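Engineer: Quick one: structure below, then a few questions.
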Amino acid sequence: MKKLSTLLLFIFLGFASNAQTKEELKEELAPKKAQIAELQKEVKAIQAKIDALPGWRIGAFGTVGGSLSGFKNWYSRSAPTASAGNIGITVNAFANLIEKDFFWRNSSTINLGWVKLDEKGVSGDEGFDTATDVFTITSLYGRRLSKTWALSALAEYRTTIIDNFNDPGYLDFGAGATWTPTDNLVVVIHPGNYNFVFSSGETVFESSLGAKIVADYTAKYNKLSVKSNLSVFQSYKSSDFSNWTWTNSLGYTLWKGIGVGFELGLRKNKQEALDNLQTRTNNPNPDATFNDVDNKLQSYYLFGLSYSF
């Protein structure tokens, strides 16, 4: 009995010793965590100073989304054997030269998507069709008047590159002022802007003089990359020639640049709506006018894997 009591005592002391050691380790860990937090603050402060230095800032992130599915002898479908798939790719890139007296900001956005539905026994649907086709490139030069205001000139080109390249294509040239309240936000206000519209044949598209407003926000918060761009053209000739496009991109890095991404694009363009009504619908109406147009909101979205450079 005495030996059993001694054994139990040693076991109890062993547990107590382990518990004490664990508490001691926790006490040692707490100040280490505090030191790491302080070092992280110092690193962020130094990085902020580096980012504020004159010179080039270059970056890019993109998203790839896709899915594949298939049916074989699935008799509940009207076509029991079929395969389907969709692929989407988006890339947002920028190269900005920031100096004390001037800046030169350049950016591009590409969003391409394909979709396929191949029903066995039904001809004409074997290949991939274009689902999303967006290409935009901008270049903004500004001469500083103050820390937040500058006289500026902007060139912006928008089109599709898979289907109907440059048909239509939009090229904006304008001048005015740019407001940069932070390093991440740029607001362009150009009352003098000419919107060149390129198209083939006899079309409804028409170039005109107007005002251009662009708001662009690009930032990175630790593992989260964000870009939002609103581009508005207000025609002085007619509101029928006005248009706007708003794109929003998010990318969250999970491991070594790889993560998840999402992009949403919205647009309103009455000239495109009329062109679609006259020539591109299943039942085209070549005699349609702007008064016949239901200028619905255009949109696209993409969700999938992302990669941050």
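Here's the yes/no breakdown for (1) touching a residue at least 24 places away in the same chain (Cβ under 8 Å); (2) closer than 26 Å to N106 by Cα:
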{"residue": "T203", "(1), (2)": "yes, no"}
{"residue": "L209", "(1), (2)": "yes, yes"}
{"residue": "S235", "(1), (2)": "yes, yes"}
{"residue": "V293", "(1), (2)": "no, no"}
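Engineer: Could I ask something else about it? Based on this model, can you work out whether E263 counts as part of a helix (DSSP H, G or I), out of contact with any helix residue (DSSP H, G or I) (no Cβ under 7 Å at 6 or more places or on another chain) and crowded, with 17+ Cβ neighbours inside 10 Å? Lay out the reasoning, then the answer.
Structural biologist: On the way: part of a helix (DSSP H, G or I): no; out of contact with any helix residue (DSSP H, G or I) (no Cβ under 7 Å at 6 or more places or on another chain): yes; crowded, with 17+ Cβ neighbours inside 10 Å: yes.
For E263, the condition - part of a helix (DSSP H, G or I), out of contact with any helix residue (DSSP H, G or I) (no Cβ under 7 Å at 6 or more places or on another chain) and crowded, with 17+ Cβ neighbours inside 10 Å - is not met.
Engineer: Can you confirm whether L302 is free of Cβ contacts under 8 Å to residues at least 40 places away in the same chain and either under 15 Å from T247 (Cα atoms) or part of a loop (DSSP other than H, G, I, E, B) (or both)? Let's see the steps before the verdict.
Structural biologist: Details: free of Cβ contacts under 8 Å to residues at least 40 places away in the same chain: no; either under 15 Å from T247 (Cα atoms) or part of a loop (DSSP other than H, G, I, E, B) (or both): yes.
Criteria not met by L302.
Engineer: Going through the range 263-277 one residue at a time, which ones are hydrophobic (A, V, I, L, M, F, W, C) and either at pLDDT 90 or above or within 27 Å of T63 (Cα to Cα) (or both)? Break it down into steps so the answer makes sense when it comes.
Structural biologist: Start the filter on the range 263-277 by keeping residues that are hydrophobic (A, V, I, L, M, F, W, C), which leaves 264, 266, 273-274, 277.
Answer for the range 263-277, where residues must be hydrophobic (A, V, I, L, M, F, W, C) and either at pLDDT 90 or above or within 27 Å of T63 (Cα to Cα) (or both): L264, L266, A273, L274.
Engineer: Against the conditions (1) surrounded by fewer than 12 Cβ atoms within 10 Å (Cβ to Cβ); (2) assigned to a strand (DSSP E or B); (3) among the acidic types (D, E), where does D294 fall short? Just the number, please.
Structural biologist: Result: D294 fails condition (2) only.
Engineer: Here is a further query. For residues in the range 206-248 being surrounded by 19 or more Cβ atoms within 10 Å (Cβ to Cβ) and hydrophobic (A, V, I, L, M, F, W, C), which is nearest to Q47 (Cα to Cα)?
Structural biologist: Among them, the one singled out is V214.
Engineer: Now a separate question. Which of the residues that make up the range 165-206 are among the polar types (S, T, N, Q) and in a strand (DSSP E or B)?
Structural biologist: Selection gives T178, N193, N195.
Engineer: Just to verify a result, which residue in the range 138-152, among those that are crowded, with 17+ Cβ neighbours inside 10 Å, of a type outside the set (S, T, Y) and out of contact with any Lys or Arg (no Cβ under 7 Å at 6 or more places or on another chain), is farthest from S107 (Cα to Cα)?
Structural biologist: The first filter runs over the range 138-152 and keeps only residues crowded, with 17+ Cβ neighbours inside 10 Å, leaving 138, 140-142, 144, 150, 152.
Then keep just the ones that are of a type outside the set (S, T, Y); that gives 140, 142, 144, 150.
Add one more test, that the residue is out of contact with any Lys or Arg (no Cβ under 7 Å at 6 or more places or on another chain), and what stays is 142, 144.
On the way: G142: 15, R144: 20 Å.
Per the criteria, the residue is R144.
Engineer: For the range 153-195, name all the residues that are surrounded by fewer than 20 Cβ atoms within 10 Å (Cβ to Cβ) and hydroxyl-bearing (S, T, Y).
Structural biologist: Across the range 153-195, the qualifying residues are Y157, T159, T160, T182, Y194.
Engineer: State the number of residues belonging to the range 82-93 that are buried (at least 18 other Cβ atoms within 10 Å of the Cβ) and closer than 9 Å to G59 by Cα.
Structural biologist: The qualifying residues number 1.
Engineer: Could you please give the count of residues in the range 207-242 that are of a type in the set (S, T, Y), within 15 Å of Q271 (Cβ to Cβ), in contact with a strand residue (DSSP E or B) (Cβ under 9 Å, 6 or more places away or on another chain) and not in a strand (DSSP E or B)?
Structural biologist: Selection size over the range 207-242: 3.
Engineer: Hey, any hits in the range 58-78 for a residue that's of a type in the set (S, T, N, Q) and modelled with pLDDT of 80 or more?
Structural biologist: As a first pass, look at the range 58-78 and keep what is of a type in the set (S, T, N, Q): 63, 67, 69, 73, 76, 78.
This time we only want the ones that are modelled with pLDDT of 80 or more, so: 63.
Yes, the range 58-78 contains at least one residue that is of a type in the set (S, T, N, Q) and modelled with pLDDT of 80 or more.
The values are calculated or read from the model by the stated rules, or taken from the named source; none is laboratory data. Keep in mind it's a predicted model, so treat the numbers as computed, not measured. All Cβ positions, glycine included, derive from the backbone under ideal geometry; neighbour counts span all protein chains shown.
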